[in-house]
Structure formats: structure tokens, C-alpha cells
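Asker: Pasting in a structure now, in C-alpha cells, and then I'll have a few things to ask.
What follows is calculated from the coordinates using simple rules that are stated; it is not laboratory data. All figures in this text were calculated on a predicted structure; none of them were measured in a lab. Glycine gets a Cβ as well: all are built from the backbone with ideal geometry, and neighbour counts include every protein chain shown.
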Amino acid sequence: MSDLKTYQMYIGDGFVDPAGGEWFESFDPYAGKPWARIPRGTAEDVERAVEAAHAAFTEGDWPKLNATQRGALLRKLGDLIAEHAEALAEIEVRDNGKLIAEMGGQLRYVPQWYYYFGGLADKIEGSVIPTDKAQVFNFTRHEPLGVVAAITPWNSPLLLASWKLAPALAAGNTVVLKPSEFTSASALEFVKLVEQAGFPPGVVNVVTGFGKDVGAPLVEHAKVAKVAFTGGELSGQKVYETAAKGLKKVSLELGGKSPNIVFDDANLDNAVKGAISGIFAATGQTCIAGSRLLVQESIHNEFVERLVAFAKTARMGNPMSLETQVGPVTTMPQYEKILGFMEIAKGEGAKVALGGGKASRPECGDGWFVEPTIFTGVHNEMRIAQEEVFGPVLSVIPFRDEEDAVRIGNGVLYGLAAGVWTQNMRRAITMSERLQAGTVWVNMYRAVSYTSPFGGYKRSGLGRENGQDAIYEYLQTKSVWINLAEEIPNPFVMG
Ligand code: NAD
């Protein structure tokens, strides 16, 4: 018998064993060892979960609640998450190796999604339409879609799940959440709070397992009305293809290769800090990483020198320590991918200004650590500048002027985010208009909020999360026509 913590899935009104009776191990990336057993779901579990969610959508207490009551439940859930933020953050750090300093803050912030969308639940108003037809009354209602499949990655498990759950539930849908196979534990702890808040059975279900075993049948299931996905581009394409066969609604938050652009008129102290947080925060494992640092030629050498000096101060080690500034990589495949990209960059002729390999500092123990890495001499056509690494690997690319910065900045397939560092107001506004990205930060980097729309241009995704409009990703509009005429004209007489 294993002494690892063993989880169950959450389907309908409680925790259940996986139908196939199998579990897999979840690893602590700092220890490099397994710490928990996660149920290995199959299509049978998906079937049970979707049926439970569908039943909860069509009958029972959930559809009977009015929007204000739904909002109150969401706010209660927010309160419970706030109460348990520390414990949830510790589980996430154990499972994904991100810093307790970051995850603690993140989990204390997550309740805001439930407060915000809980507050929005009873403010979704239809319209009375002034139509061109005589003697009719025409109005619109916004109605929920049904069962939402929420599929999430490993880098910010509960935050990214909440970006989907809060608007989906506020709109009156039910949800089957499928967390990443690398970081499933926190979702299984979180769902206890959903139950405690008083959500009716089947409104939120959590199925765990691998993408092909659980994610794919979930997307395919005929009773799933909408798929909200965050993850890599290739999985996103598969999800989109499968969802297309069932003509389902889809939103996709995918990868990025975001430019962080420093002009020679910028406050360079701030720009250095912004470049560092853009790529080394969360060990570079964020979709919004500013992985291409575009630096104006006139300040290139001085800026790189300051950047390297600052990056060298990063303390690596145990992610549970508040002192640690760069933690391990979350998964073994990701660790190998990052090291592989470092070799690709060297092979392409990039120069190592810092790092460039695995970290063998004593404080890193047996963890999956790579050195914070800065490459110079990078051209935008190189693979290291075009492909998402999802690790602490920065490519520095020089540029001449604004025109050049726009050309290079937009010269990738992605368009998730961009940063601009300048003190010139005209330049700040012009650049924010010309950059093809769903988010542009000026003299800052990496800010997101429940209040502000987030999503990708180009291959970085479809649809938006956060902000008021996000709730419409989980609603459909019905137009209701009511005849006011006493008598309906003869249908054979046109006119
Ligand atoms: P991934 O695509 O491997 O997995 C994401 C989720 O999809 C997991 O739960 C996985 O099991 C599931 N999945 C995989 N194949 C599937 C399939 N065929 N059908 C249905 N589900 C499937 O991504 P990852 O490695 O967990 O996460 C890293 C990626 O996520 C990066 O590319 C990153 O840029 C992206 N990301 C994007 C955002 C954003 O908001 N834009 C945020 C965080 C991460």
C-alpha cells in the first residue's frame, strides 16, 4: 500500500473512485519525487460527470435559483477560498513548484473572480428591440449554454480554472473541470469548498487524468455545449477540431512569444525590473512571458549588462521558502524541453550572456532546476525567437527605431501580450495601437485582473476571459417576438 496521499474524483454529489480503478503519481518538482496519487480517469468517468452536469443543468435546484441567488453562492465560494487560500497555495506549490510567494498572493486574489462575476450574475440584462415590424413586442434574453467543459494547464491551476468557472456559473451553466494531469490536486481540494458553499450536486464536477483519455472524450461529448480551454497550441488545435465536429462553442487561451520592447528614452531601472519579471517570474512558465526582449540599438550593450547583473542576484531553491526567487520547472518533460531549446539557441548562433543549462547549485537539490538564461545575438527568424519555450529563457533582439520594433514585435505567429518601455506619450499610444496583441502594457508588465479582458490575437487564442464581456462567452441570446395585433393577416396575401 502506498503512503502517498490518494485522491478521488468529484462527480455529481461526491467523491468517487475512477471507473477504471487506476491512479497515477503526481510529482513534487522540488523534491523530484511523487507526493500524491491522482485518479486516472477514462471516457466512462467523463460520461458520468457530463451526465451529472447535464442533469444539474436541466432539473433540480440549480435552474430554479434566480440570478441573485447564484451570485450569492459564488460570493460564498469566494469567501471560502479566501479562508483556505494558504492551504490551497501550499498544495499548488507542492504540485507545480512555483513560489509560495507568488502562489500565496495568487490564491488570495482568486476570490475576486467569484466576487466580481457573482456581482455580475444579476446584471445581465436583455433589451427591448425597436423593430421595423408593426404591432410586435420584441425583446432579448441571455441564457446559459448548458454543460461547460473547462480544461486547464499546470502553470496556475486554480487561477486559470476560476477564470472559467466564475463566469460560467454566474451565467447559470454547469461545469466539468478537467485540470492538468501534472497539477490536479488543488482542483480536488477546491471542489470541497464548492460543496461547502452549497452549490447543488452536479453543478461542478472534477474529472482527472490525461488529455487523450479524459480531455478528448470530454470535448467530444454530445452533451457538452461549450469548451473553455487553456493550454498549448497543439492541444488547442485538437480541441478546436473536435469541438467543430459537434459545432460547439469554444474559447481558447493558448501560448505566446511576447515582445517586451525597451526604447532608449525609457526609465532604464524600471525597464530592467520589467524585463526580469517578464521572463523569470514563475520560472518563465507563463503564457504572457516577455520572452523576446527588444532593445533599441543605442542602449543595447548597457542594458544587457544591467540586466545580466540584476538576473545574477536571483536566489534559487525551495519554492516553499519566502526567500526563493526562482523555483524549479514544473514537469520533467518541460525541464527537458527547456534544456533542448537552450541547445537549439546555441546551435543557431545565439550567445549565452547568462545561464544556458541546468542549475547545479547546492540549494537546488534533486529538483528540476534550470539556470535563468539570457541569449544575445538573437535574430527574430531563429527558432528561439519564434517558438514558445515556457521557461526562464530570454532572447535579446536589437532594433533600430519604432518601425523596426513594430515589425519585429509583430513578427511571430502569436499575439498574446506585449510590453513597451518609453517616456514618450505619443510613442506609447502609437505602439499600443500597432502591436498585434490582446494585452499591451506600457511601463509595466505582467498585470492581469478580473476586471480587464484577457486573450490572444492571432494564434494565441479565441475569445476573451475576465472583464464584463467574458460572461457572454457563456451565454446565448434569445430573441422573443410577441404579436400585439388582435388579428393575424391572411398568410396567402403578401404585402
Ligand atoms: P497542454 O496543452 O499540454 O495541456 C492543457 C490541458 O489540456 C491539460 O489539462 C491536458 O490534459 C489537456 N489536453 C491535452 N490534450 C488534449 C486533447 N486532445 N483534448 C482535450 N484536452 C487535452 O498545456 P500545458 O503544457 O498544460 O500548459 C502549457 C501551455 O499552456 C503553454 O503553451 C502556455 O502558453 C499555455 N497557457 C496559456 C495561457 C493563456 O491564458 N493564454 C495561460 C497559461 C498557459
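Asker: Give the number of residues within segment 1-21 that are assigned to a loop (DSSP other than H, G, I, E, B), out of contact with any Gly (no Cβ under 9 Å at 6 or more places or on another chain) and within 20 Å of PHE182 (Cβ to Cβ). Spell out the reasoning first.
Answerer: Of segment 1-21, the ones assigned to a loop (DSSP other than H, G, I, E, B) are 1-4, 7-8, 12-13, 17-21.
Filter again for out of contact with any Gly (no Cβ under 9 Å at 6 or more places or on another chain), leaving 1-4, 7, 17, 21.
Now drop any that are not within 20 Å of PHE182 (Cβ to Cβ), which leaves 2, 4, 7.
The total comes to 3.
Asker: I've got another one for you. Would you call PRO144 of a type outside the set (A, V, I, L, M, F, W, C), within 16 Å of the ligand (Cβ to nearest atom) and touching a residue at least 40 places away in the same chain (Cβ under 8 Å)?
Answerer: Working: of a type outside the set (A, V, I, L, M, F, W, C): yes; within 16 Å of the ligand (Cβ to nearest atom): no; touching a residue at least 40 places away in the same chain (Cβ under 8 Å): yes.
No, not satisfied.
Asker: A further question follows. Across segment 22-45, which residue is nearest to the chain's Cα centre (by Cα) among those that are under 30 Å from PRO328 (Cβ atoms), assigned to a loop (DSSP other than H, G, I, E, B) and touching a residue at least 60 places away in the same chain (Cβ under 8 Å)?
Answerer: Looking only at segment 22-45, we keep the residues that are under 30 Å from PRO328 (Cβ atoms), and these are 22-41.
Within this subset, residues satisfying the condition of being assigned to a loop (DSSP other than H, G, I, E, B) are 22, 29-32, 40-41.
Adding the requirement that they be touching a residue at least 60 places away in the same chain (Cβ under 8 Å) leaves 29-32, 40-41.
On the way: PRO29: 21, TYR30: 23, ALA31: 26, GLY32: 25, ARG40: 23, GLY41: 22 Å.
Residue satisfying both the conditions and the ranking: PRO29.
Asker: Restricting to segment 305-326, name every residue that is in contact (Cβ under 8 Å) with a residue 40 or more places away in the chain, closer than 17 Å to GLU371 by Cα and not charged (D, E, K, R).
Answerer: The answer is LEU307, VAL308, ALA311, ALA314, MET316, GLY317, ASN318, PRO319, THR324, GLN325, VAL326.
Asker: Follow-up question, since we're still on this one. Could you list, in sequence order, all residues of segment 327-355 that are in contact with a helix residue (DSSP H, G or I) (Cβ under 6 Å, 6 or more places away or on another chain) and within 25 Å of TRP154 (Cβ to Cβ)?
Answerer: GLY327, VAL329, THR330, ILE344, ALA345
Asker: Scanning segment 215-230 for residues that are buried (at least 23 other Cβ atoms within 10 Å of the Cβ) and near the ligand (Cβ under 7 Å from one of its atoms), which turns out farthest from SER184 (Cα to Cα)?
Answerer: VAL219
Asker: Something else about it: From the list PHE229, PHE210, which residue is of a type in the set (Phe, Trp, Tyr) and under 24 Å from VAL16 (Cα atoms)? Reasoning before the result, please.
Answerer: On the way: PHE229 fails: under 24 Å from VAL16 (Cα atoms).
Selected residue: PHE210, the only one of PHE229, PHE210 that is of a type in the set (Phe, Trp, Tyr) and under 24 Å from VAL16 (Cα atoms).
Asker: Checking GLY209 against (1) touching a residue at least 12 places away in the same chain (Cβ under 8 Å); (2) away from the ligand (no atom under 11 Å from the Cβ); (3) at positive phi, only one condition comes out false. Which one?
Answerer: Unmet condition: (2).
Asker: Quick test of your reading of the structure: GLU90 fulfils all but one of (1) closer than 20 Å to LEU158 by Cα; (2) surrounded by 18 or more Cβ atoms within 10 Å (Cβ to Cβ). Name the failing condition by number.
Answerer: Exception for GLU90: condition (2).
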